[in-house]
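The values are calculated or read from the model by the stated rules, or taken from the named source; none is laboratory data. The shown structure was predicted, so the numbers you read here are calculated from the model rather than taken from an experiment. No Cβ is skipped: glycine too gets one built from the backbone with ideal geometry, and neighbour counts run over all protein chains shown.
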Amino acid sequence: MKLDQPIGDSMYGPLFIRAALGCFLVMSGLARLENPQLLIDRVQQTGIFPEKWGTVYAILLPYVEILSGGLFIGGFWTTLASIVVSVVLGSFLYIFGTKVGTPGAFNFTSPFNKDLVLLAAAVAVMFTGPGAFSIDGFRKGSG
């Protein structure tokens, strides 16, 4: 084994990123559906959105997370799912900042915020493609 060479096919890298990010998004969306009022209150407390838009954002967010997470897991429309996830995670960073408990507008206090890491993973999939075992790959004949 050469340590300067990959140990496997590079098509599997995006698969692992897709699976992890997709599972995280689905579980996060399902958790937010259990208590939607908590997210509505938290979004409205930041004061970033007008009250009605904050409510709409908080109500739609779990469904967008579940749908985009499912698309990631299946490898279907991965570029679209990556764009949607990037917008959602970017909105998290803008609304809530990166420091827990601090209202948003890009309060970068920690370099290892989970939303930054997840955003990087979504952008990586956007640039690398769906990888192995994906519906997009099977449709193109490379999955």
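Each residue in the stretch 88-107 was checked for being at pLDDT 90 or above and either closer than 24 Å to GLN37 by Cβ or in a loop (DSSP other than H, G, I, E, B) (or both), and 2 of them qualify.
Can you give me the number of residues within the stretch 40-72 that are under 30 Å from ALA132 (Cα atoms), crowded, with 18+ Cβ neighbours inside 10 Å and of a type outside the set (D, E, K, R)? Residues in the stretch 40-72 being under 30 Å from ALA132 (Cα atoms), crowded, with 18+ Cβ neighbours inside 10 Å and of a type outside the set (D, E, K, R): 7 in total.
Each residue in the stretch 61-100 was checked for being in contact with a Phe, Trp or Tyr (Cβ under 9 Å, 6 or more places away or on another chain), under 21 Å from THR46 (Cβ atoms) and among the small types (Gly, Ala, Ser), and 2 of them qualify. Conditions: (1) farther than 25 Å from PHE127 by Cα; (2) of a type in the set (A, V, I, L, M); (3) at pLDDT 90 or above. LEU39 meets all but one. Number of the miss? Condition (3) is where LEU39 drops out. Residue pairs whose Cβ atoms lie under 9 Å apart, separated by 6 or more positions or on different chains, with the first residue in the stretch 4-25 and of a type in the set (Phe, Trp, Tyr) and the second part of a loop (DSSP other than H, G, I, E, B) and modelled with pLDDT under 95, are TYR12/GLY131; TYR12/ALA132; TYR12/PHE133; PHE16/GLY131.
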